[in-house]
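Please read the structure below before turning to the comments.
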Amino acid sequence: MTHHWGYVSAVASALLFGTSSTLNKIALEDVHPTVIAGMIYFIGGVFLFGIHFSPLSKKILALFESPEIEPKITTKDFRILAFVIICGSVVAPLLLLNGLNQTTAINTSLLLNAESLFTALIAFVFLSERGTRREYLGILMLLVGVVFVTTNGEFQRLTLTENIFGNLLVVGACLFWGIDNNLSRFLSKKRDIIMVTGLKCFIGGLTLLALAFIIGIDFSIPLISIPYLLSLGAFSIAFSILLFLFALRKIGSMRTGVIYSTSSLIGVVLAFLILREAFTLIQLIAGTVMLLGVYILYLCGKRN
């Protein structure tokens, strides 16, 4: 497959994950957030294992076939996978959940954009990923756009000098997700990325559920929430991470990470369509800037 499919996969991954904010808001009415986080990762892992052991696995892997793949998963890969699970599936969600309780919603929306920034910076510094001037322009457009999409330009409501501990926890979560995204690039080269993604989701979800049980969180889940959890696990987590890994394989951490930030735009649009939340002119303009940034990255990728 060409690099074209790397950009398509990054956008598709963002699209699937972007739906999670709306579905999570519905599920959060009846289920504890830690239980939701653990359940959707666990369900995503079970879903991917089901695919892995079915005839569908070969057809999906054939679609993801590319020259740079490595057929075997080594002991070193399992060590990397362990760090990925700890950083992205356990530590980051725990930091975020605790940070959410100690800061405001608008602070959280703005600070969560640090994930894309950390992903790009780590890729630039430690993985020596580089781009052209036009690509950096596209990245800048994406980052500026996502700031305005998530805050609606209401910077006067930010209280970053207050709730400092909660804000730091959110930024810490983004740092660990940035590490996760870059480490995952090494795993993305494995042929059986279905199994790799399944292990990441299953073990991460199981760990979060175990921690929730130890802490004594209520596990009650009403029947009405089950369809939302199944949808989140299968699509917003399982397929989203699978496509994210393929994008990492084709276009690298820096480009994939910043394109993935479009999930916030998708979340805002879906909240407007489904939950009837406000969608302002500022967000529309910022969203257009983000899409132009993605287009610039895609055009530059075609020329490389």
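Descriptive notes on the structure:
- Pairs meeting the criteria (first residue in segment 177-194 and within 27 Å of LEU96 (Cα to Cα), second residue assigned to a helix (DSSP H, G or I) and of a type in the set (S, T, N, Q), beta carbons under 7 Å, at least 6 apart or on different chains) are GLY178/THR119; ASN181/THR119; ASN181/SER253; ASN182/THR119; ASN182/SER253; ARG185/SER253; ILE194/SER57.
- Among the residues making up segment 152-170, a single one is assigned to a loop (DSSP other than H, G, I, E, B), over 13 Å from SER109 (Cα atoms) and touching a residue at least 60 places away in the same chain (Cβ under 8 Å): ASN163.
- The one condition in (1) in a helix (DSSP H, G or I); (2) modelled with pLDDT under 80; (3) open to solvent by less than 40 Å² (accessible area, probe 1.4 Å) that ASN98 fails to fulfil: (3)
- Residue match in segment 103-126 (condition: at pLDDT below 85, in contact with a Gly (Cβ under 8 Å, 6 or more places away or on another chain), part of a loop (DSSP other than H, G, I, E, B) and buried (at least 16 other Cβ atoms within 10 Å of the Cβ)): yes
The values are calculated or read from the model by the stated rules, or taken from the named source; none is laboratory data. Given the structure is predicted, the values throughout are model-derived calculations rather than measurements. Glycine also receives a Cβ, built like all others from the backbone with ideal geometry; neighbour counts cover every protein chain displayed. Just the protein is used for accessible areas: all its heavy atoms, side chains included, with ligands, DNA and RNA removed. Shrake-Rupley method; radii C 1.70, N 1.55, O 1.52, S 1.80 Å.
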